[in-house]
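Right, one structure below, let's go through it.
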Amino acid sequence: MDLIGQQPRYKQLAQALLNDIRDGKYKVGDLLPTEHALCTEFGASRFTVRQALRQMTQMGMVTRQPGVGTRLISLETGAVYRQGLEQVSDILQYAADTELHVIASRPVKVETEDLREFLQASKGQEWLQIEAIRRAPGNNDKPICFTEIFLPPAFRTVRGLEGRVGDAVYRLINAQFGEETVEVRQEIRAGTLSRKLADLLSARPGAACLWIIRYYLNARGEAVEVTRSAHPGDRFQYQQVFRQKE
């Protein structure tokens, strides 16, 4: 597991902490240094430090608790992906922090009422449908989820969506078409895995799963990207934080 290379600063910082853990500087149960101490030690901003600690949380190695700190709970990356959401940027960062592996891509015409309603699209439009597997960084064992990505006609010619995708889809669209995602609408539903999905995810057919549907919208309220993802129930934890308005 090596996160260093042409990587964002927060991933380099996360790798440095992982190296310290490997070298025995911290043991399971220990608290890591405070955010302020890490900022001083690595000459990094608080935002960068928080991003690094969030990645380690998603890898299943640490837990974070307000008023207590960041505690080391495992020396290895886990199979469970933990996602904490407080704002739109957290959802967008999830796409950037995980690895997308495209397995199929095809044009799809909006003909059925179910598809028209799901995509909130006009009948007869031709969208791009992508099937992919998403993995946690450093974990090549069991995927986090199976994901279907639907791109509307204006963006279905986007390039860079083959094999292992090196960037988030919304970023590719922004870079190539100048269209920015400013809002994400999300739905969560319970379900079970079909045999096809179970095989792709190395899971048991009929096992419980969590379907997460997201609509990535531009400033005009139009879809830039629509996704639906099936997460096996034993590999995904979803956390939201609600704060009282002052």
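Only the coordinates and a few stated rules stand behind these numbers; no lab work does. If you're wondering where the values come from, they're calculated on a predicted model, not measured in any experiment. Cβ coordinates were reconstructed from backbone atoms using ideal geometry, including for glycine residues, and neighbour counts include every protein chain displayed.
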At R0 = 30 Å, FRET efficiency that the Cβ-Cβ distance of residue 113 and residue 162 yields, to 0.05:
0.45
Determine which aspartates and glutamates satisfy two conditions relative to residue 109: a Cα distance under 14 Å, and not lying fewer than 8 residues away in the same chain.
117, 126
Neighbour-count ranking for 195, 220, 71 (other C-beta within 10 angstrom, fewest to most) reads 220, 195, 71
Among all the lysines, which ones have a C-alpha under 20 Å from residue 25's C-alpha, if same-chain residues fewer than 8 places away are not counted?
11
Using a 10 Å cut-off around each Cβ, can you sort 56, 61 from fewest to most neighbouring Cβ atoms?
56, 61
Taking residue 196 as the anchor, which aspartates and glutamates have their alpha carbon closer than 15 Å to its alpha carbon, excluding any fewer than eight residues away along the same chain?
131, 148
How would you rank 231, 36, 101, going from fewest to most other Cβ atoms within 10 Å of each one's own Cβ?
36, 101, 231
Total formal charge among the other residues, if their Cβ is under 15 angstrom from that of residue 122, Lys/Arg +1 and Asp/Glu -1:
-2
Based on the alpha-carbon gyration tensor of segment 9-72 and its eigenvalue square roots a ≥ b ≥ c, which shape applies: rounded if a/c is under 1.5, prolate if not and a/b is larger than b/c, or oblate?
rounded
